[in-house]
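Chemist: After the structure tokens below, expect a handful of questions from me.
The values are calculated or read from the model by the stated rules, or taken from the named source; none is laboratory data. Treat the numbers as computed from the prediction; the structure is a model and nothing was measured. All Cβ positions, glycine included, derive from the backbone under ideal geometry; neighbour counts span all protein chains shown. When the accessible area is computed, the model is the full protein with side chains, heavy atoms only, and any ligands, DNA or RNA have been set aside. Shrake-Rupley method; radii C 1.70, N 1.55, O 1.52, S 1.80 Å.
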Amino acid sequence: MPDFSRLRPHSSQGWLAWVLLAFILFFSVASDQFLTVQNLLDLAESYAVTGIFALGLFVVLVTGGIDISFAAVASVVQYLIASLFVQFQFDNALLSILLAIVCGTLFGVINALLITSLRVVSIIITISMQSLLFGLLMWVTGGRSLYSLPEWWITLRSVLPFDMQGNSFQLGLPLVIMLVIAALTALLLNKTNLGRQLYAVGGDAESARRIGIRVGLIHVFAYGWLGAMAAIGGLVQVYRMGEVVPNALVGGELDVLAATVLGGASLMGGKGTVSGTLMGVFLIAILKNGLNLVGVSNYFMNIVVGGTIMVAIAVTHYKKRKETDVSFV
């Protein structure tokens, strides 16, 4: 008799992999359009920006913080770069990208400094920053979209083409950028002393401080990293859409948070992996795409995403309570 106990997952990432496989099989049977190379490539590319945001947010969650302002930061950065071109014909690709990353990082650092200096819960500061930045953006721009953009930003490029079954396909630039960022994030967290300090601060900030870790600087780095990822994600989103729409990104924060929590990141810090975060992103993507193909209303996905976050938070708190339960009763 075969021993199926070996197939039983021993981590949240293992369970998530089984859930992903189950949904892939279900939607493959429910719709013959789901399991096609083109649909899967389109799906991966369309959620690449979500993945970039999620990888940045994951680093913040590892430290025990949370940031809701990344979509507003991305929106401000894209409008700034586009405005420089429209107003001053600033058309230098490398300098524009560097400026975007610097601006995004600066917003993240401001968040971190406010959180550490005022000693206010991170979600309050970042929600306030989100409201402030988005409100200022809509007020200053009047909600106007920009369509006159530099060629380097909107010209679609062929990346990693391949042939399969007589048809030509390619991995899109947004997907390649997301995978490169995922590799850099994994390298940072798993192979560097800074990565170990990020996990240590999330596990127990006071203990980390006692062993000499500068907790404030770790938070500055984490929020700055998310700011940089927000800027890159904002640039990639414009590359995909070919226009700058001030309110295009704000409102999608829930998907990003759901993906990171689904991937095993704890809202209490100190846990999670890059691979789990990517699986969380693609689980959300598969659910939305699959339900759309079988004719389920998009509004239903709000129920699914909200319920998913609730269940993930409940499981996280239950595990944390079991780990710290020293009762003899």
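Chemist: Using a 1.4 angstrom probe on the protein heavy atoms only, could you order ARG119, ARG210, ARG144 from most to least accessible area?
Modeler: ARG119, ARG210, ARG144
Chemist: Oh, and also: Which one of LEU194, VAL76, ALA93 is farthest out on the positive end of the charge dipole of region 47-273, using unit charges on Cβ (Lys, Arg +1; Asp, Glu -1) and the Cα centre as origin?
Modeler: After comparing all options, I get LEU194.
Chemist: Next question. Along the Cα-to-C-beta direction of MET241, a point sits 7 Å from the Cα; which residues of region 62-91 have their amide N less than 14 Å from that point?
Modeler: Hits in region 62-91 for MET241 at 14 Å: 71-80, 82.
Chemist: Taking amide hydrogens as modeled 1.01 Å from N in the peptide plane, which residues meet the under 5 Å criterion relative to GLN170, leaving out close sequence neighbours?
Modeler: Excluding prolines and chain starts, which carry no amide H, the hits are PHE162.
Chemist: Pop out the ³J(HN,Hα) list for region 132-142 in order, Karplus 6.51 cos²θ - 1.76 cosθ + 1.60 with θ = phi - 60°, rounded to Hz; leave Gly and Pro as x.
Modeler: Result, rounded to whole Hz: 5, 5, 5, x, 4, 4, 5, 6, 5, 8, x.
Chemist: Given charges of +1 on the Cβ of Lys and Arg and -1 on the Cβ of Asp and Glu, with all other atoms neutral, how large is the dipole of the chain about its Cα centre, in debye to the nearest 20?
Modeler: Here the chain has a charge dipole of around 980 debye.
Chemist: A follow-up question, please. Could you pull out which residues in region 281-299 have an amide N less than 17 Å from a spot 7 Å beyond the Cα of VAL19, following the Cα-Cβ vector?
Modeler: Once the point is set 7 Å along Cα→Cβ of VAL19, 281-291 turn out to lie under 17 Å by backbone N, inside region 281-299.
Chemist: Next question. Enumerate the calculated ³J(HN,Hα) couplings along region 17-34 in order (Karplus 6.51 cos²θ - 1.76 cosθ + 1.60, θ = phi - 60°), each rounded to whole Hz, writing x wherever the residue is Gly or Pro.
Modeler: Using θ = phi - 60°, the values come out as 4, 5, 5, 4, 4, 4, 5, 4, 5, 5, 6, 5, 6, 6, 9, 6, 8, 6 Hz.
Chemist: Skipping prolines and chain starts, which residues have an amide H placed within reach, meaning under 5 Å, of the one on THR273, given they are 5 or more residues away or on another chain?
Modeler: Correct list: ALA265.
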